[in-house]
1. How far is helix 47-60 tilted, in degrees, relative to the longest principal axis of the Cα atoms in the chain, given as a value from 0 to 90 rounded to the nearest 10?
2. According to the Cα gyration tensor, what semi-axes, each the square root of 5 times an eigenvalue, does the equivalent ellipsoid of the chain have, listed from largest to smallest in whole Å?
3. Suppose the chain between R23 and D3 were pulled fully straight at 0.36 nm per residue; how much longer would it get relative to their current alpha carbon spacing?
4. Note the angle between two axes, namely the Cα long axis of helix 26-41 and the longest principal axis of the Cα atoms of the chain, as a number of degrees from 0 to 90, rounded to the nearest 10.
5. Find the accessible area per residue for the chain; the probe is 1.4 Å, ligands and nucleic acids are left out, and the unit is Å².
6. Mind pulling the angle between the C-alpha long axis of helix 4-17 and the longest principal axis of the chain? Nearest 10 degrees, somewhere in 0 to 90.
7. With a 1.4 Å probe and every protein chain kept in, tell me what percent of the accessible surface of the chain is carbon plus sulfur.
8. Once fully extended, how much extra length lies between E16 and S59, figured as 0.36 nm per residue of separation less the alpha-carbon to alpha-carbon distance?
Amino acid sequence: MFDPATTALLRAVLDEVCENVSRTETGARTHVASKILEAATRGDTSPDQLKQVGRQALSQAPTMWR
């Protein structure tokens, strides 16, 4: 679906946005990842745009995910 460079960017953005979220919190990471993927699918592939989308998704997640 995405080229290797875009895939690496998406992974890096997810890791940065979720840096304070435990890797065992798969629900939170999945929620953020899905929102980042939605944005990328719409053509938003700027790192800043993707980080903004990811942070917004994380802030709207239930408090146990923060």
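The values are calculated or read from the model by the stated rules, or taken from the named source; none is laboratory data. Computed from a predicted model, the values in this text were never measured in an experiment. Surface areas here come from the heavy atoms of the whole protein model, side chains and all, with no ligands, DNA or RNA. Shrake-Rupley method; radii C 1.70, N 1.55, O 1.52, S 1.80 Å.
1. 30 degrees
2. Value: 20, 12, 10 Å, ordered largest first.
3. Extra length from R23 to D3 when fully extended: 4.7 nm.
4. The answer is roughly 30 degrees.
5. Here the per-residue accessible area is 65 Å².
6. The angle comes out at about 20 degrees.
7. Reported share for carbon and sulfur atoms: 52 percent.
8. 14.1 nm
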